[in-house]
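The values are calculated or read from the model by the stated rules, or taken from the named source; none is laboratory data. Keep in mind that what you see is a predicted model, and the values were worked out from it rather than measured. So basically every Cβ, Gly included, is an ideal-geometry build from the backbone, and we count neighbours across all protein chains shown. Accessible surface areas use protein heavy atoms only, side chains included; no ligands, DNA or RNA. Shrake-Rupley method; radii C 1.70, N 1.55, O 1.52, S 1.80 Å.
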Amino acid sequence: MLIAIPVALILIAIVGGGVAYSQHQRTVDRRAQAAAAKKRAAARRERAHAKEVAVNVACHDMLQPLVDAEHDLSGRLDIGMTYADYGSAVGTVSVAYGNVDADALEEDFACLSDIAVPAEAAFNQYRAAYNVWNNCFESLSCDTDSIDGTLQKHWTRAGTQLTKAKNGLEALELE
């Protein structure tokens, strides 16, 4: 009996130690799995962010020249322009507009809705003003003072849309 008690205590200690080690190992394994899952999630977020930045950079690079040309035209209007200078500036905007590959923007809804659509709307207003001015010059009875209100209306609308496009460009995360 004297031998059985120490042997029983040793067996209990061995079994207890084995159970404790097993629980410890499960805890270590769970922590390692959690850390690995966290690392995979961080990598997924980083890849998604990199993809978003790449899409934003492509949008920016494609639409910035158009918005810059419109901004230049708007600034020149503020100091006054002749009909010929206006026609030349609208031509510059038209070239920048023609360089936009709409198909490349097709899958980027934010780029389309926040930048491309307002930039196009601004271009359309500048072009409409040009047409009004051009039609007046082609008519013998047209007095350019009579179209000032119409021109201002188109230019104001263009300015509103240009502001939306510039705000959309500024909101793009490029890094």
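From the list V57, V53, the lone residue that is more than 30 Å from Y126 (Cα to Cα) and either at pLDDT below 85 or open to solvent by less than 60 Å² (accessible area, probe 1.4 Å) (or both) is V53.
Residues satisfying the criterion are absent from segment 38-45 (criterion: modelled with pLDDT of 90 or more and under 29 Å from D101 (Cα atoms)). The number of residues in segment 118-139 being closer than 16 Å to Y83 by Cα, open to solvent by 60 Å² or more (accessible area, probe 1.4 Å) and not aromatic (F, W, Y) comes to 4.
The residues of segment 104-161 that are under 28 Å from V55 (Cα atoms) and of a type in the set (A, V, I, L, M), listed by number, are A104, L105, A110, L112, I115, A116, V117, A119, A121, A122, A158. Within segment 106-117, take every residue that is surrounded by fewer than 20 Cβ atoms within 10 Å (Cβ to Cβ) and not acidic (D, E) and give me the one that is nearest to the chain's Cα centre (by Cα). For segment 106-117, the residue satisfying everything is A110. Restricting the first member to segment 54-72 and to residues that are without any contact (Cβ under 8 Å) to a residue 40 or more places away in the chain and closer than 13 Å to G98 by Cβ, and the second to residues that are part of a helix (DSSP H, G or I) and open to solvent by less than 60 Å² (accessible area, probe 1.4 Å), the beta-carbon pairs closer than 9 Å and six or more apart or on different chains are P65/A96; A69/A89; A69/V93; A69/S94; A69/A96; A69/F123.
Would you mind stating whether C142 is in contact with a Gly (Cβ under 9 Å, 6 or more places away or on another chain) and either open to solvent by 30 Å² or more (accessible area, probe 1.4 Å) or over 17 Å from T156 (Cα atoms) (or both)? In short, no. Within segment 83-99, residues that are open to solvent by 20 Å² or more (accessible area, probe 1.4 Å) reach partners that are assigned to a helix (DSSP H, G or I) with beta carbons closer than 6 Å, at six or more positions or on different chains, in the pairs Y83/W133; T92/A69; Y97/L66; Y97/F123. Residues that are open to solvent by less than 40 Å² (accessible area, probe 1.4 Å) and part of a loop (DSSP other than H, G, I, E, B) within segment 60-82 comprise just one, M81. In this structure, does E175 turn out to be in contact with a helix residue (DSSP H, G or I) (Cβ under 9 Å, 6 or more places away or on another chain), in contact (Cβ under 8 Å) with a residue 12 or more places away in the chain, of a type in the set (D, E, K, R) and surrounded by 20 or more Cβ atoms within 10 Å (Cβ to Cβ)? Judged against the criteria, E175 is not a match.
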